[in-house]
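All remarks here apply to the structure that follows.
The values are calculated or read from the model by the stated rules, or taken from the named source; none is laboratory data. None of these values were measured; they are calculated from a predicted model. Positions of Cβ are backbone-derived with ideal geometry, glycine not excepted, and every protein chain shown enters the neighbour counts.
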Amino acid sequence: MKKSMPPDSPLLFDAPPAGPDFLMELSARKDGQWPVAGTDEAGRGPLAGPVVAAAVILDPDNIPDGLNDSKQLTLSERENLFEVILSTATVAIASSGPKRIDGMNILRASLDAMRRSVLSLSLAPRLVLVDGRDVPPGLLCHGRAVVKGDARSVSIAAASIVAKVTRDRMMARAGAVFPAYGFAHHVGYATVVHRRNIEIHGPCLLHRMSFRPLRKDEPPADD
């Protein structure tokens, strides 16, 4: 039975470079930690929908051009890179839905989705580069936290693109099921329109009831 490996001490960088590169992956390869996966999530902040995580192992001889933090790319750039990544890299995707988020809290649900995405890879990594300050517990290899990792590592950047495009597509489909909320436009974020629609229609099954303003902090008054 495989045992969970404790995470390495997080590498917390403060000043991001001009763009992501493959240097951390190459350094790990020299140290015998290969293959290297990058993992990232999309959707921690919205009031509705899942948090989606992706894990990506890039082919060092076929790294797509233009990889960057998904937030720095246009919609068309993300969509194009998404297809290229799927065709050239080893990719796995996992998500945590609203019920899991409400039950675990958003941080744990995000880390759990990242863990499951890594464990679902068809190629087992020896090292996982994780965007942020926390390494998911339960990885079967070493993990390394990299602050602003999607701006540093092309593997993490690729994972951020896959997670973002996947979640946006999920929310577009949700918009067809729950047309009153406009999910296809704001993908669950707390826009003025989204808040107004919640006030009019009340929350639906996709809303995170542990998030403000949906969360009820005060206990009900006694009769």
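Of the residues making up region 62-77, not a single one is under 22 Å from residue 25 (Cβ atoms), assigned to a helix (DSSP H, G or I) and among the β-branched types (Val, Ile, Thr). May I ask you to list the residues in region 96-110 that are crowded, with 23+ Cβ neighbours inside 10 Å and touching a helix residue (DSSP H, G or I) at 6+ places or on another chain (Cβ under 9 Å)? Hits for region 96-110 are 96, 101, 109, 110. Please verify whether region 84-97 includes one or more residues that are part of a loop (DSSP other than H, G, I, E, B), farther than 15 Å from residue 143 by Cβ, of a type in the set (Val, Ile, Thr) and at pLDDT 95 or above. No, every residue in region 84-97 fails to be part of a loop (DSSP other than H, G, I, E, B), farther than 15 Å from residue 143 by Cβ, of a type in the set (Val, Ile, Thr) and at pLDDT 95 or above. For residue 206, the conditions (1) buried (at least 16 other Cβ atoms within 10 Å of the Cβ); (2) more than 21 Å from the chain's Cα centre (by Cα) all hold with the exception of (2).
Checking the stated criteria, residue 187 turns out not to satisfy the condition of being in contact (Cβ under 8 Å) with a residue 24 or more places away in the chain, within 29 Å of residue 92 (Cβ to Cβ), surrounded by 15 or more Cβ atoms within 10 Å (Cβ to Cβ) and touching a Phe, Trp or Tyr at 6+ places or on another chain (Cβ under 8 Å). Regarding region 123-135, can at least one residue be identified that is among the basic types (Lys, Arg), surrounded by 15 or more Cβ atoms within 10 Å (Cβ to Cβ), in a loop (DSSP other than H, G, I, E, B) and touching a residue at least 12 places away in the same chain (Cβ under 8 Å)? Yes, region 123-135 contains at least one residue that is among the basic types (Lys, Arg), surrounded by 15 or more Cβ atoms within 10 Å (Cβ to Cβ), in a loop (DSSP other than H, G, I, E, B) and touching a residue at least 12 places away in the same chain (Cβ under 8 Å).
Residues in region 32-46 include none that are farther than 17 Å from residue 149 by Cβ and polar (S, T, N, Q).
Quick check on my filter: what residues within region 136-173 are part of a helix (DSSP H, G or I), farther than 17 Å from residue 94 by Cα and of a type in the set (A, V, I, L, M, F, W, C)? Result: 151, 154, 172.
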